[in-house]
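The values are calculated or read from the model by the stated rules, or taken from the named source; none is laboratory data. Computed from a predicted model, the values in this text were never measured in an experiment. Counting neighbours? That spans all protein chains shown, and the Cβs are built from the backbone with ideal geometry, glycine included.
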2 protein chains.
Amino acid sequence: MPEFLNLTPPSEAMDLFMKSWSGPSAIQTVRISTENALGRVIAEDVKAPHPLPPFSRSTVDGYAVRAADTHGASASLPAYLDLIGEVLMGTTADLLVGSSQTAVVHTGGMIPPGADAVIMLEDTQQPHETEVEILKAVAVGENILVEGEDVKSGEIVIKRGTRLRAQEIGGLMALGYTKIDVAEKPRIAILSSGDEVVPPQEEPSPGEVRDINSYTLSALVERAGGAAVRHGIVADDRTALEQAARQAFHQNDIVVITAGSSVSSRDITVEILAELGEPGILVHGFAIKPGKPTILGIGDGKPLIGLPGNPVSALVVGGLILPPILRRSLGMHADQWDAQLPARLTVNLASQAGREDYQPVRLIQAENGILAEPVYGRSNLIFTLVRADGLVRIPAQANGLPAGEKVMVRLF
Amino acid sequence: MPEFLNLTPPSEAMDLFMKSWSGPSAIQTVRISTENALGRVIAEDVKAPHPLPPFSRSTVDGYAVRAADTHGASASLPAYLDLIGEVLMGTTADLLVGSSQTAVVHTGGMIPPGADAVIMLEDTQQPHETEVEILKAVAVGENILVEGEDVKSGEIVIKRGTRLRAQEIGGLMALGYTKIDVAEKPRIAILSSGDEVVPPQEEPSPGEVRDINSYTLSALVERAGGAAVRHGIVADDRTALEQAARQAFHQNDIVVITAGSSVSSRDITVEILAELGEPGILVHGFAIKPGKPTILGIGDGKPLIGLPGNPVSALVVGGLILPPILRRSLGMHADQWDAQLPARLTVNLASQAGREDYQPVRLIQAENGILAEPVYGRSNLIFTLVRADGLVRIPAQANGLPAGEKVMVRLF
């Protein structure tokens, strides 16, 4: 336990960071076609230029009437109305429905002036071409959607900072906004450091490993709405790493360095991040497993992030801290709902009080529900996560979790 | 209730469809760079070309030893070993650790031949440059990851049909696979029919509405890994719609038509889908709200889908049926985990027994947990879904759900 005493609980670390960093000084925007905007974050409030529905319309197929003309009508004592015409779909209703008159309307069609209700087709009979039998009374407003019932003219229907889903794309199209301003993707520099790291296309010599973190973190960044800019692999050399870090810092909005596995590499990383700008390092060391050697800082308004070199640690802790930082970079609303999947643990999970554990699990559909089975990998090799469907969080105050316990699994 | 008697429960409809459609005759593949493969579905089994770790390595900073040389060692009675050198990171260990000898190793570094355990730095002292005091005994294998412990040579580490997440991208890079075969995105034709529908860039006349469904369904398709091919808006005219549908059918892998709001438009849609190929329509009408007029069919091996013209219905029911159909088109594994969010209903939800209801809800973070508040919109306008975070499913056998009930919310 002592090793966690000087470490910061992850939520406290993120709170401190978020209090110290108010986001970019200005959100850069770019104008794009709405049809290509899925997943982008809108940078303007969207106001309804007209009410929706834009005119009162029928919700059924039937006859537009004056409700008063149907009072007391029943199957045994129908009301008789003069049929004066039909409101065709896609046209303006140029009929005027007067007293004792009616007109055919279709679902979604415009209510003709004079009418204040619609009677459903099945509640009528049409004995003659010019007459309709009304078999049921309707109230004023029945089967009608009133103009502006959904959206008033000038109402803000989509707030700036909203990530656009299918329905927002549809809503924008409904209002005729075929081009919109969205936040530019923040540029996240990713540097891998470590003497032992070689590019994936190279054959590693014994003692070397291929660069994984540059690519897993790029994928994380892309999924969270950022633009990953890979600055390559840098040797565990103070001068080389400092030069690479400064360049990355000047050219991008956020800097992420994954440290090499050696102690000296980790020391160099924190020193260099500290010198990039003010105020420098805020948190060095998270009370979390995996991911303990995580660093959070700010340099002249830009987030600075140091992640462990271990690929599992980098991906787990990166998955926790990068999305909220990217959301703020994009000018998104603070609230964010993370879906999880309830499951039951197949075995006891050990954990140390004082730190948060994130245990990769595989999900199994069993007869009595979904089971979460831990995936262990002593080396924390990336394939531990390939075999897993999600993570189970073991809270800091818990001494592990018992078999059978209901847990919420955060899917990757 | 009678109106639902002839309708098929959604799960039954999908089961019937999935039993009748075995997927595309062959998955078309395309070779792409692994770094661009996030979210794509891999079309080949990935085998490990070498074991992982590729050599036995240390999990700590310390000294490689022969475990036998440390037996009985303690702080009061240390063992003394000759320091013969250091295994530098990123290099092959060319030292041979003999009896009573030791060598410095770093975390992740190669275990030198002869050694069978590693003792942690903190359990040692180094009184002389050439001698190390061992203050604790270690067992054979301690602090060592054995070659192949994670992945054996030739083992299938990623199965074909897997959608690639960040960790699979990393795993492929770890093995040196910088290019891979992925499934081509299936082409989903989307046609909007309806006399009242105009393109979003046009100013609708009274009685007209802008096309929303082409764009919301395109977004759904893209998110599910398909390529949406918009075939535009077609009038409610049998000849025009048939011609457009045949062209869409010949040029694409799946055809989706959203019907216009009129009864005749819906009738034309089902007739045309039925004639595209064998066996034709499988299901006409789902016991679901919204989405009742949904059509599922197969024409000569291609899925044929008719969706309601109402934008909320199209998006809700499209969100249920398109993802599983696309997964099969992509050759994905059947199992799929859908994360949801538990919440409590703020009010009673009404529903009719015999049909499944999908109620849009807004989520609210309250002191005692997350609340789900229904979002109502009489017209089923798309902004109902813009205001919502997800859907609550009310099962067919339920007569609504009471306020306070714990529900699982499917986030959009």
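Before moving on, here are some points about what is shown:
- With respect to the stated conditions, B:LEU241 is over 17 Å from A:MET173 (Cβ atoms) and hydrophobic (A, V, I, L, M, F, W, C).
- In segment A:256-286, the residues that are hydrophobic (A, V, I, L, M, F, W, C) and either at pLDDT 95 or above or buried (at least 22 other Cβ atoms within 10 Å of the Cβ) (or both): A:VAL256, A:ILE257, A:ALA259, A:ILE268, A:ILE272, A:LEU273, A:ALA274, A:LEU276, A:ILE281, A:LEU282, A:VAL283, A:PHE286
- Segment B:94-117, subset of a type in the set (A, V, I, L, M, F, W, C) and without any contact (Cβ under 8 Å) to a residue 24 or more places away in the chain, residue surrounded by the most Cβ atoms within 10 Å (Cβ to Cβ): B:LEU95
- One residue alone among B:ALA245, B:ALA240 is in contact with a His (Cβ under 9 Å, 6 or more places away or on another chain) and away from chain A (no Cβ under 12 Å), and that residue is B:ALA245.
- Residues of segment B:209-240 that turn out to be closer than 17 Å to B:GLU271 by Cβ and in contact with a Leu (Cβ under 8 Å, 6 or more places away or on another chain), as a count: 2
- Residue in segment B:271-289 that is assigned to a strand (DSSP E or B), in contact with a Ser or Thr (Cβ under 9 Å, 6 or more places away or on another chain), under 28 Å from B:VAL392 (Cβ atoms) and among the charged types (D, E, K, R) present: yes
- Looking only at segment B:294-325, and only at residues there that are in a strand (DSSP E or B) and not hydrophobic (A, V, I, L, M, F, W, C), the one that is nearest to the other protein chains (Cβ to nearest Cβ): B:GLY306
- Some residue of segment B:77-94 being away from every other protein chain (no Cβ under 14 Å), touching a Ser or Thr at 6+ places or on another chain (Cβ under 9 Å), small (Gly, Ala, Ser) and assigned to a loop (DSSP other than H, G, I, E, B): no
- Residue-level check: of (1) within 14 Å of chain B (Cβ to nearest Cβ); (2) assigned to a helix (DSSP H, G or I), A:ASP69 misses just (1).
- If you go through segment B:2-51 and keep only what is crowded, with 19+ Cβ neighbours inside 10 Å, part of a helix (DSSP H, G or I) and modelled with pLDDT of 95 or more, you end up with B:PRO10, B:ALA13, B:PHE17, B:THR34.
- Sole residue being at pLDDT 95 or above, touching a Leu at 6+ places or on another chain (Cβ under 8 Å), buried (at least 22 other Cβ atoms within 10 Å of the Cβ) and not hydroxyl-bearing (Ser, Thr, Tyr), chosen from A:VAL138, A:VAL182, A:VAL87: A:VAL182
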